[in-house]
Amino acid sequence: MNMQEKLMMEMIRYYRGDAKRIQHFTKVYSYASLIGKMEDLGGREQYVLELAALVHDIGIKISEEKYGYNNGKLQEQEGPAEAKKLLERLGVDPEDIARICYLVGHHHTYTGVNGLDHRILLEADFLVNADEGHCSREAIEDARKNFFRTAAGTRLLDSMYLRENGQP
């Protein structure tokens, strides 16, 4: 098994019994991986993006345990330390862990986007959240206009949510 597969299995164990959360991170992982490949991210940056996509919401569980609820800010606050513990246990390179933790700590931050991997993670997470949260067409159009920047992510957004009779 490669590291992505090992981490996916660890995250499934982490969220054992919570099919909704497991399905969420596997969908985000799939879209992030696809967008990264379509955008020619390549090599180590693609690898880091894929690992970050798998653990991006790891802060949810710890937030709910500590505070009784979770939100985007708490996920960003609590997620990096939890991700770091898991990634270190699996033997992920410390440089990669640092970047993954940065992404986990900023995956709800749409301003000051730091890198293509960050942009792709935001877009992939939105693609899934738009469906799971039943976003209005207006909210999706607003996201397209205000923070989708990759050609691949925009194409997926259009194909999934905005095309009617072949028109965006």
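The values are calculated or read from the model by the stated rules, or taken from the named source; none is laboratory data. All figures in this text were calculated on a predicted structure; none of them were measured in a lab. Cβ placement follows ideal geometry from the backbone for every residue including glycine, while neighbour counts extend to all protein chains displayed. Just so you know, the surface numbers come from the protein's heavy atoms only, side chains and all, with ligands and any DNA or RNA stripped out. Shrake-Rupley method; radii C 1.70, N 1.55, O 1.52, S 1.80 Å.
Carbon and sulfur: what percent of the chain's accessible surface (1.4 Å probe)?
The C+S portion of the solvent-accessible surface of the chain is 49 percent.
Using a cut-off of under 19 Å, list every residue of region 116-134 whose amide N is near the label point 7 Å from the Cα of residue 66 along the Cα-to-beta-carbon line.
Correct set: none at all.
Just to confirm the number: angle between the C-alpha axis of helix 43-55 and the first principal axis of the chain, 0 to 90 degrees, nearest 10?
80
Between residue 95 and residue 40, how high is the FRET efficiency from 1/(1 + (r/R0)^6) when r is the Cβ-Cβ distance and R₀ = 30 Å? Nearest 0.05. Before the final figure, lay out the partial values.
Working: r = 22 Å, r/R0 = 0.72.
Efficiency at R0 = 30 Å is approximately 0.90.
How many Å² of accessible area per residue for region 1-143, probe 1.4 Å?
48
Which residues make up the longest stretch of the chain that has no chymotrypsin sites (Phe, Trp or Tyr not before Pro) in a DSSP loop with at most 14 other Cβ atoms within 10 Å? Walk me through the numbers on the way to the answer.
Details: sites that count: 69, 110.
Within the chain, the longest run free of exposed chymotrypsin sites (Phe, Trp or Tyr not before Pro) spans 1-68.
If you average the alpha carbon positions of region 97-155 and of region 19-66, how far apart do those two centres end up, in angstrom?
First find each Cα centre; the distance between them is then 11 Å.
Just add up the charged neighbours of residue 74: K/R +1, D/E -1, any other residue whose Cβ is under 14 Å from the Cβ of residue 74.
Within the 14 Å Cβ shell, the charges total -3.
For a label point 7 angstrom out from the Cα of residue 1 toward its Cβ, which stretches of region 44-68 have the backbone nitrogen within less than 15 Å?
Within reach of a label on residue 1, which here means backbone N under 15 Å from a point 7 Å along Cα→Cβ, region 44-68 contributes 51, 54-55.
Hey, what angle do you get for helix 19-38 against the long axis of the chain, alpha-carbon based, 0 to 90 degrees rounded to 10?
70
Determine the order of 13, 149, 21 by accessible area, beginning with the largest, at a probe radius of 1.4 Å.
Largest accessible area first, the list is 149, 13, 21.
Tell me the Rg and the Dmax, in Å, that the Cα atoms of region 93-168 produce.
13.7, 48
Compute the relative contact order of region 73-168 as a whole-number percentage, counting only Cα pairs closer than 8 Å that sit 6 or more residues apart in sequence.
Result for region 73-168 is 21 percent.
Cα gyration tensor of region 20-168, axes a ≥ b ≥ c as square roots of the eigenvalues: rounded (a/c below 1.5), prolate (a/b > b/c) or oblate?
Numbers: a/c = 2.12, a/b = 1.39, b/c = 1.52.
In terms of gyration-tensor shape, oblate.
How big is the dipole moment of region 1-98 about its Cα centre under a simple scheme where the beta carbon of each Lys and Arg is +1, that of each Asp and Glu is -1, and everything else is neutral? Debye, nearest 20, please.
420
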